[in-house]
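Peer 1: Structure in structure tokens, see below.
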Amino acid sequence: MAAPVPVLDEESYLAISAQLDLLRPYHWWRPWPPWDGSAEPDAFVYAHPPLFLQWVALCRGLGFGEMITRIVAALPMAGMFGWAAARVIQRTSSRPPLAAALWLSAPIVLLCLQRGLMPDLMVAALGTVAIAGWLTAGEDGAHWGWQILGGLALGLACFTKYPALALVPALMLHGWRMGRLRAMLPFWLAAAVPWCIGELMLVMVYGRFHLWEVLTRASEISRGTGSGRALGLLVRLPLGVGVLALLTRGHRWVWVPAFVLAAAVSLWGWPQELQAASRGGLFVWAVAGAALVCFAATAALRGWRDRDGDTLLLGCWALAVVGGVWLAHNFAAPRYLLPAVLPLALLLVRAISDTPMGRTLLWTGAAVHLAGGLGLTMAEHRYFQAGSELADRVVERLGPTGFYTGEWSFRWRMAHHGWTFYTGDAPVGALVVAPTHGSPGALPTTWVEVDRFAVSSGLPLRVVDDSAQVGLYAETLGANPVGWSQGPVEEVIAWRVR
């Protein structure tokens, strides 16, 4: 059995943690946008607060190897996530086993729980603790301990990733409608403490306000279009929770506005290069995602009208996450939607489990999602394992030195072999190798191809495939969230610089 390899940007966080100074968390550098081959005095433009980087550095400082560090970093976050989700489920659902099954079986949840060195699990765990504290504090806010716990978790979530700030308007809207804003003052004070202290410490070290630096320099980092992100999140949202249950009596109406929303977003966001054969399937994904958005929006409106606090909070929570992906992220990734899966699952169970065939469809949806999630897990690990295997084959055939480009497991393994990352400057005659699916950009057309390496897979399910316009991890990689292909799972081309 092949040794485990880093998935997605886990290799980046391993590399950063090896350089990280806990008290100066942006005193590191690596060839990354917007720097390319040049270096700044610090990495202060890095888009996220440093809490996750500091957490990884602390875990790595325990002296374990890279792959054990993944587990050590992930287990506390996964445990916190599960505990908080259980609290929320118990307080908002009359069918906890069904709600838990629908949530845990979701492909987004299954995939994110396996990525120990990605910040998304940490921010989702802390955000869910914040919601659990808000709910458990009671309508009169009498349980101060829960208020303080939830508030601290919210502040820490916002100091992990700034999009967690989207929870603030959702909670304030709920508190205002339910008359709880004054009673929840300890929650907000507790939330302000870690975030303000963290940002103040950064100002003291770097002399600049980090969030302002990130916002004012956002244009320096590659970003997808607003229309592309809108379509990208719609077609990836169904990987979070199934929509079969919306076919039950009393909820079929949602497909009409969903069709209209999906059509409008598709016409707005369809990339020109998208193959005509792909548009039908992509539209089906978009309709399913739009149905979930319309369902959450309707739940929030109904909760507001009826002063149903739980329904209002769950609807606002889901919409805040989805809106945050569209407004605050550079692209639409399923992992960014992770915090929205639990409220969507709970809303579906609350609305549908007592309708004719409702529970059957919910359990069926959970089973279908579990099968799909296991398939995507296999496809994901095969893809990243292929990147590592190709790096070994490149070095074995071409020698111990050269240049490479690309990301993820291929970059991780090539760095271990001692090759040099290509940043736009290589001497004439040098070799540069690049993967076809995981490369960050086009290479000069004057170069000469000298060799080609490929890895096949018995599983034709694809999570990244440039030729098939498949990019599970971002719409900027490919419009389709998943694909089916008999071609190589990954391929590396060796070029001679001219």
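Peer 1: Of all residues in the stretch 361-407, how many are part of a helix (DSSP H, G or I) and among the hydroxyl-bearing types (Ser, Thr, Tyr)?
Peer 2: 4
Peer 1: To continue, here is another question. Restricting attention to the stretch 458-476, report how many residues are in contact (Cβ under 8 Å) with a residue 24 or more places away in the chain and under 23 Å from Glu10 (Cα atoms).
Peer 2: Counting residues in the stretch 458-476 that are in contact (Cβ under 8 Å) with a residue 24 or more places away in the chain and under 23 Å from Glu10 (Cα atoms) gives 11.
Peer 1: Quick one: what pairs do we get from the stretch 113-133, first residue in the same structural domain as Pro4 (by TED's automatic domain parsing), second among the acidic types (Asp, Glu) and part of a helix (DSSP H, G or I), C-beta under 7 Å, 6+ apart or different chains?
Peer 2: Close Cβ pairs (under 7 Å, with a partner that is among the acidic types (Asp, Glu) and part of a helix (DSSP H, G or I)) amount to Arg115/Glu10; Leu117/Glu10; Met118/Glu10.
Peer 1: Kindly list the number of the only condition in (1) at pLDDT 90 or above; (2) buried (at least 16 other Cβ atoms within 10 Å of the Cβ) that fails for Val260.
Peer 2: (2)
Peer 1: Considering only residues that are buried (at least 24 other Cβ atoms within 10 Å of the Cβ) and assigned to a helix (DSSP H, G or I), which ones fall in the stretch 325-338?
Peer 2: Correct list: Val325, Pro334, Tyr336, Leu337, Leu338.
Peer 1: I'd like to know if the stretch 339-359 contains one or more residues that are assigned to a helix (DSSP H, G or I), over 21 Å from Gln90 (Cα atoms) and either in the same structural domain as Ala47 (by TED's automatic domain parsing) or not acidic (Asp, Glu) (or both).
Peer 2: no
Peer 1: Does Ser219 satisfy being within 21 Å of Val325 (Cβ to Cβ), at pLDDT below 80 and assigned to a helix (DSSP H, G or I)?
Peer 2: Answer is yes for this residue.
Peer 1: Taking the stretch 217-241 as the region of interest, how many residues are charged (D, E, K, R) and more than 15 Å from the chain's Cα centre (by Cα)?
Peer 2: Of the residues in that region, 3 qualify.
Peer 1: Output yes when any residue across the stretch 34-56 is at pLDDT below 90, touching a Leu at 6+ places or on another chain (Cβ under 6 Å) and assigned by TED's automatic domain parsing to the domain that holds Val203, and no when none is.
Peer 2: Taking every residue of the stretch 34-56 in turn, none turns out to be at pLDDT below 90, touching a Leu at 6+ places or on another chain (Cβ under 6 Å) and assigned by TED's automatic domain parsing to the domain that holds Val203.
Peer 1: Let me ask something else. Confirm whether Arg208 is over 28 Å from Ala153 (Cα atoms), in contact (Cβ under 8 Å) with a residue 24 or more places away in the chain and either in contact with a strand residue (DSSP E or B) (Cβ under 6 Å, 6 or more places away or on another chain) or of a type in the set (D, E, K, R) (or both).
Peer 2: So Arg208 does not fit the description; no.
Peer 1: OK, next. Tell me whether the stretch 78-90 contains one or more residues that are outside the structural domain of Leu342 (by TED's automatic domain parsing), farther than 22 Å from Arg335 by Cβ and surrounded by 16 or more Cβ atoms within 10 Å (Cβ to Cβ).
Peer 2: yes
Peer 1: Can you tell me how many residues within the stretch 373-414 are at pLDDT below 90, surrounded by fewer than 20 Cβ atoms within 10 Å (Cβ to Cβ) and over 20 Å from Gln114 (Cα atoms)?
Peer 2: Looking only at that region, the number is 3.
Peer 1: Mind checking whether some residue in the stretch 148-158 is more than 24 Å from the chain's Cα centre (by Cα) and either over 25 Å from Ala345 (Cα atoms) or assigned to a helix (DSSP H, G or I) (or both)?
Peer 2: The answer is yes; a qualifying residue exists.
Peer 1: While we're here: Give me a count of the residues in the stretch 160-174 that are of a type in the set (Val, Ile, Thr) and without any contact (Cβ under 8 Å) to a residue 60 or more places away in the chain.
Peer 2: Residues that pass the stated criteria total 1.
Peer 1: A further question follows. Quick one: Lys161 ticks every box in (1) buried (at least 19 other Cβ atoms within 10 Å of the Cβ); (2) touching a Gly at 6+ places or on another chain (Cβ under 9 Å) except a single one, so which number is it?
Peer 2: The one condition Lys161 does not meet is (2).
Peer 1: Within the stretch 317-349, which residues are among the aromatic types (Phe, Trp, Tyr) and under 17 Å from Leu167 (Cβ atoms)?
Peer 2: Trp317, Trp326, Tyr336
Peer 1: Please find, among Ser467, Ser457, Ser439, the residue that is closer than 27 Å to Arg236 by Cα, hydroxyl-bearing (Ser, Thr, Tyr), surrounded by fewer than 21 Cβ atoms within 10 Å (Cβ to Cβ) and touching a Lys or Arg at 6+ places or on another chain (Cβ under 6 Å).
Peer 2: On inspection, the qualifying residue turns out to be Ser457.
Peer 1: Out of (1) on the phi > 0 side of the Ramachandran plot; (2) in the same structural domain as Trp317 (by TED's automatic domain parsing), what's the single condition that is false for Gly207?
Peer 2: The failed condition is (2).
Peer 1: When you look at Leu231, is it closer than 30 Å to Trp285 by Cα, assigned to a helix (DSSP H, G or I), touching a residue at least 12 places away in the same chain (Cβ under 8 Å) and hydrophobic (A, V, I, L, M, F, W, C), yes or no?
Peer 2: Spelling it out, Leu231 is indeed closer than 30 Å to Trp285 by Cα, assigned to a helix (DSSP H, G or I), touching a residue at least 12 places away in the same chain (Cβ under 8 Å) and hydrophobic (A, V, I, L, M, F, W, C).
The values are calculated or read from the model by the stated rules, or taken from the named source; none is laboratory data. Nothing here was measured: the structure is a model prediction, and the numbers come from that model. So basically every Cβ, Gly included, is an ideal-geometry build from the backbone, and we count neighbours across all protein chains shown.
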